[in-house]
1. Please list, ordered by first then second residue, the pairs with beta carbon atoms under 6 Å, 6 or more apart or interchain, first in the stretch 119-141 and farther than 25 Å from residue 199 by Cα and modelled with pLDDT under 90, second open to solvent by 10 Å² or more (accessible area, probe 1.4 Å) and not in a strand (DSSP E or B).
2. Go through the stretch 191-210 and give me each residue that's closer than 19 Å to residue 167 by Cβ and free of Cβ contacts under 8 Å to residues at least 12 places away in the same chain.
3. I'd like to verify a number: residues in the stretch 42-65 that are assigned to a strand (DSSP E or B) and either on the phi > 0 side of the Ramachandran plot or touching a Ser or Thr at 6+ places or on another chain (Cβ under 8 Å) (or both), how many?
4. From the set of residues in the stretch 157-171 that are in a loop (DSSP other than H, G, I, E, B) and either in contact with a Leu (Cβ under 7 Å, 6 or more places away or on another chain) or in contact (Cβ under 8 Å) with a residue 12 or more places away in the chain (or both), which is least open to solvent (accessible area, probe 1.4 Å)?
5. Since residue 177 meets every condition but one in (1) among the small types (Gly, Ala, Ser); (2) open to solvent by less than 60 Å² (accessible area, probe 1.4 Å); (3) farther than 17 Å from residue 89 by Cβ, which condition does it not meet?
6. Tally time: how many residues in the stretch 172-207 are part of a loop (DSSP other than H, G, I, E, B), hydroxyl-bearing (Ser, Thr, Tyr) and within 20 Å of the chain's Cα centre (by Cα)?
7. Which of the residues belonging to the stretch 144-156 are part of a strand (DSSP E or B) and either more than 12 Å from the chain's Cα centre (by Cα) or of a type in the set (Gly, Ala, Ser) (or both)?
Amino acid sequence: MRIHTDEVTCVTTSRSWSVVVSGSKDGSAALWDLNRGVYIRSIWHGDGGESNAVNLVTINESTVRHAISVLSTISNHPQGYIATCSRLKLCLHTINARPMAVLDLTTTPSFSLLVPTITAMAFHEREYSHLGVLAAGGPDGSITLRTWTADGTPEGEKAQWEFVTVRTMKVRMVGRSVTRPPSVTALKFLGESLLHGEETGKAYIWSLPE
């Protein structure tokens, strides 16, 4: 399984969709067929380098049929998603690597050239919900919940998807000697709860509203 031209930085798999996604310093995320062990296609963030290196990848395992409304047009179809992240942007693709939404991270308040804006990602996979949610942790102790929508698409044009922030949460600083919130290093949804791990070596659980 060779396709990347530089160091592989992250790998994730989906049993539901039978795919593997690998991220690399070459600026790409490669999609692989898990059953056949063959390369399918790539998602590109740029031509490589530290800013374009794909450091995080995650797959939405849910196979629920989403009802997507775009300018009064309803499509009801099974849909999986792939999220990839570099220092400069967060990208959302379908499970077939079709581009959907891009968030320019340089426009976010927490952007820095020194550290990645996003340090952990996870999809919320609720089989009964039509609202997709992607959680992103940051080096500043923030956890941002985002969804994606095409409701702002001008009439008569092709659907233009964009990320929308649903909620931002902040990790607590614990200890008298602590001067800044700890970086969020891992995220995982478990039912209606969100677990996060941090650079302090501790892990916490959040109860999410319905």
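1. Every condition considered, the pairs that remain are 125/61; 127/64.
2. 191, 195, 209
3. So the answer is 7.
4. 171
5. (2)
6. Final tally of qualifying residues: 1.
7. 149
The values are calculated or read from the model by the stated rules, or taken from the named source; none is laboratory data. For clarity, every value in this text was computed on a predicted model and none was experimentally measured. Reconstructed Cβ throughout: ideal geometry from the backbone, glycine too, with neighbour counts over all protein chains shown. Remember, those area values only see protein heavy atoms, side chains included, never the ligands or the DNA or RNA. Shrake-Rupley method; radii C 1.70, N 1.55, O 1.52, S 1.80 Å.
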